[in-house]
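The values are calculated or read from the model by the stated rules, or taken from the named source; none is laboratory data. Predicted, not measured: the structure shown is a model, and the values here were computed from it. Note: ideal-geometry Cβ built from the backbone for every residue, glycine included; neighbour counts use all protein chains shown. SASA here: full protein model, heavy atoms, side chains in, ligands and nucleic acids out. Shrake-Rupley method; radii C 1.70, N 1.55, O 1.52, S 1.80 Å.
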Amino acid sequence: MEWFPLADRVGAEVRGVDLATVAGAALDDLKALVWDKGVAVLRDQTLTPEDHIALANRWGGIDINNYFPLEGEHPEIAIVGKTPEQTTNIGGGWHTDHSYDQVPAMGSILVARTLPPKGGDTLFIHMGEAYDSLDDGTKAEIEGLSAFHTADHIYSPDGVYAQTDQGATLRGQDLKTGAVHPLVVRHPRTGRRLLYVNPSFTLNTVGRSRADSLPLLQRLWAHAMREELQGRVEWRDGTVAIWDNRTTWHYAMNDYHGHAREMHRITLTGEALAA
Ligand SMILES: O=C(O)CCC(=O)C(=O)O
Ligand SMILES: [Fe+2]
């Protein structure tokens, strides 16, 4: 396996790995790279849906997403799609997937199936770099704090997506979610400290109302969103991205109206997070 930086502070472009067969020590190297750099981009892959599922099982297991439409014959695969007629996309705001779960998913393996002629990139931020670059005063201020995460305001019948043209295809609108995680978690595998709050699913710090929490949360989010921490995945046919939800945030650009984009996502099982 060879790899090159995707951007200065996040991500890796990987060469010399065939995801349809990677296993053993080569798979361990790839996992370690994803945990460390946050996202690995692999080109010219030829994963069938069965290969995609087998890879996720070799990686460590699958969490079925409760909200996205599932691929008909393969319920392990969620469809992240936008038709030429739709105006809203999935994931078009900075977030980390599944932070509203008690045991949040480790990450995802996203396979490009239909791409627009241009646009539709996915942006990533490294949350270890975001934490490290906080000033000492802010690090002291957030030490020991926890935050509440939920997806209910996003997916419920009166939530964000229900008001849009993605609403009709989403599932799970009656589910109730909620989890408390430290603001700063230690990566379960690398031990690195990571800022673990995100603008989509984090509502408040524990012990404070939403209104009282927002000044601090918005300061942390604005800090993390700085362009120098970002990397960009430009999709091509055959591109697969594997990301770590603890190490990164991501953002799906919605700049290809009038064109279809369809991705196959398998969500990888994670572990409980601690400070
Ligand atoms: O479509 C993408 O590039 C990513 C969408 C997203 O947020 C996700 O699949 O978790
Ligand atoms: Fe996402």
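Miscellaneous remarks
- Within the range 157-183, the set of residues being at pLDDT 90 or above, of a type in the set (S, T, Y) and over 20 Å from the mean Cα position of the chain (by Cα) comprises just one member, T164.
- Within the range 106-124, considering residues that are small (G, A, S) and closer than 25 Å to A168 by Cβ, the one farthest from ligand 1 (Cβ to nearest atom): G119
- Here A20, A78, A54, A40 are screened, and the one residue that is farther than 24 Å from D121 by Cα and among the hydrophobic types (A, V, I, L, M, F, W, C) is A54.
- Pairs linking a residue in the range 255-275 that is farther than 26 Å from W35 by Cα to a residue that is of a type in the set (D, E) and surrounded by 21 or more Cβ atoms within 10 Å (Cβ to Cβ), with Cβ atoms under 8 Å and 6 or more positions apart or on different chains, do not occur.
- Unique match (being within 13 Å of the chain's Cα centre (by Cα), among the small types (G, A, S), over 22 Å from R15 (Cα atoms) and within 12 Å of ligand 1 (Cβ to nearest atom)) among A241, A252: A252
Residue-wise test of (1) open to solvent by less than 70 Å² (accessible area, probe 1.4 Å); (2) within 29 Å of T88 (Cα to Cα); (3) assigned to a loop (DSSP other than H, G, I, E, B).
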position	(1), (2), (3)
T138	yes, no, no
F148	yes, yes, no
Q173	yes, yes, yes
L194	yes, no, no
N198	yes, yes, yes
N204	yes, yes, no
L217	yes, yes, no
L220	yes, yes, no
H223	yes, yes, no
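- The residues on offer are Y251, Y256, and the sole one that is away from ligand 2 (no atom under 16 Å from the Cβ), of a type in the set (S, T, Y) and surrounded by fewer than 21 Cβ atoms within 10 Å (Cβ to Cβ) is Y256.
- In the range 175-190, the residues that are crowded, with 16+ Cβ neighbours inside 10 Å and either touching a Ser or Thr at 6+ places or on another chain (Cβ under 8 Å) or part of a helix (DSSP H, G or I) (or both): T177, A179, H181, P182, L183, H187
Okay, residues lined up against (1) crowded, with 18+ Cβ neighbours inside 10 Å; (2) among the aromatic types (F, W, Y); (3) away from ligand 1 (no atom under 16 Å from the Cβ); (4) closer than 15 Å to H264 by Cα:
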site: T46; (1), (2), (3), (4): no, no, yes, yes
site: H52; (1), (2), (3), (4): yes, no, no, yes
site: N57; (1), (2), (3), (4): no, no, yes, no
site: I62; (1), (2), (3), (4): yes, no, no, yes
site: N65; (1), (2), (3), (4): yes, no, no, yes
site: G72; (1), (2), (3), (4): no, no, yes, yes
site: I77; (1), (2), (3), (4): yes, no, no, yes
site: T83; (1), (2), (3), (4): no, no, no, yes
site: N89; (1), (2), (3), (4): yes, no, no, yes
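- You will find that of N57, N66, the residue that is within 26 Å of L183 (Cα to Cα) and away from ligand 2 (no atom under 13 Å from the Cβ) is N66 and no other.
- Scan of the range 94-110 for residues that are within 16 Å of ligand 2 (Cβ to nearest atom) and either surrounded by fewer than 19 Cβ atoms within 10 Å (Cβ to Cβ) or part of a loop (DSSP other than H, G, I, E, B) (or both), ordered by number: W94, T96, D97, H98, S99, Y100, D101, P104, A105, M106
- The range 2-14, residues that are surrounded by 12 or more Cβ atoms within 10 Å (Cβ to Cβ) and at negative phi: W3, P5, L6, A7, D8, R9, V10, A12, E13, V14
- Flag for S200 being small (G, A, S) and more than 18 Å from the chain's Cα centre (by Cα): no
- Filter pass, R246 being away from ligand 2 (no atom under 15 Å from the Cβ), under 25 Å from V22 (Cβ atoms) and either under 18 Å from the mean Cα position of the chain (by Cα) or without any contact (Cβ under 8 Å) to a residue 24 or more places away in the chain (or both): no
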